[in-house]
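Structure, as structure tokens:
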Amino acid sequence: MLRFIRKYLSALYVPVIWTLLIAIAMCLPGNYIPNEQGFTLPNFDKLVHLGMFGGFAFLWSLYLTKFRFPAGRLLLGFFCFYLLANGFGVAMEYVQKYWIPGRDYDLADIIADMFGAGIGYGLSNLLLLPGKEGGSV
């Protein structure tokens, strides 16, 4: 499974497209977001935030592994992408608050973004560092 992920998802276009999709999704006006009355999961949007920003941190970290840096430098890079994911999440909430009609600022969304980024960072450390389980670069 990890070999498949490395082979097909470590190209630069994958995290770039993921980042663009996040930006587009976060900048959609409120009336473009479907409101399903019959099927609702409480706080489903928080799970979406977890996935978006976890994917951001993991996919950019996966791309970084293509450069075969030593483990210490990779770890620093993974942490930088974790910080970037957090900053991106906070920035997008403020963009929604001030510039996107029908959208608002939600601290719980920021917390979900940060948890997602943390999960992506943790998975990167577990799966992508050389010498760790499944992490032979």
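With respect to Phe58, determine if the residue is surrounded by 11 or more Cβ atoms within 10 Å (Cβ to Cβ) and within 13 Å of the chain's Cα centre (by Cα).
So Phe58 passes the test.
Is the range 108-129 home to any residue that is touching an Asp or Glu at 6+ places or on another chain (Cβ under 8 Å) and over 30 Å from Pro34 (Cα atoms)?
Within the range 108-129 (the criterion being touching an Asp or Glu at 6+ places or on another chain (Cβ under 8 Å) and over 30 Å from Pro34 (Cα atoms)), the answer is yes, since at least one residue qualifies.
Mind listing whichever residues of the range 96-117 are surrounded by 15 or more Cβ atoms within 10 Å (Cβ to Cβ) and either of a type outside the set (Gly, Ala, Ser) or free of Cβ contacts under 8 Å to residues at least 40 places away in the same chain (or both)?
Within the range 96-117, Gln96, Ile100, Arg103, Asp106, Asp109, Ile110, Asp113, Met114, Phe115 qualify.
Just name the residue that is modelled with the lowest pLDDT out of those in the range 109-133 that are in a loop (DSSP other than H, G, I, E, B) and more than 12 Å from Leu62 (Cβ to Cβ).
Among residues in the range 109-133 that are in a loop (DSSP other than H, G, I, E, B) and more than 12 Å from Leu62 (Cβ to Cβ), the one modelled with the lowest pLDDT is Glu133.
Of everything in the range 4-22, what is touching a Ser or Thr at 6+ places or on another chain (Cβ under 8 Å) and under 12 Å from Trp60 (Cβ atoms)? Give them in sequence order.
The one that is touching a Ser or Thr at 6+ places or on another chain (Cβ under 8 Å) and under 12 Å from Trp60 (Cβ atoms): Ser10.
Return the total of residues in the range 23-62 being at pLDDT 95 or above, of a type in the set (Phe, Trp, Tyr) and out of contact with any Ser or Thr (no Cβ under 6 Å at 6 or more places or on another chain).
Within the range 23-62, residues that are at pLDDT 95 or above, of a type in the set (Phe, Trp, Tyr) and out of contact with any Ser or Thr (no Cβ under 6 Å at 6 or more places or on another chain) number 3.
Can you find even one residue in the range 80-95 that is surrounded by fewer than 18 Cβ atoms within 10 Å (Cβ to Cβ) and in contact (Cβ under 8 Å) with a residue 60 or more places away in the chain?
Looking through the range 80-95, at least one residue is surrounded by fewer than 18 Cβ atoms within 10 Å (Cβ to Cβ) and in contact (Cβ under 8 Å) with a residue 60 or more places away in the chain.
The values are calculated or read from the model by the stated rules, or taken from the named source; none is laboratory data. Source: prediction; values computed, not measured. Glycine also receives a Cβ, built like all others from the backbone with ideal geometry; neighbour counts cover every protein chain displayed.
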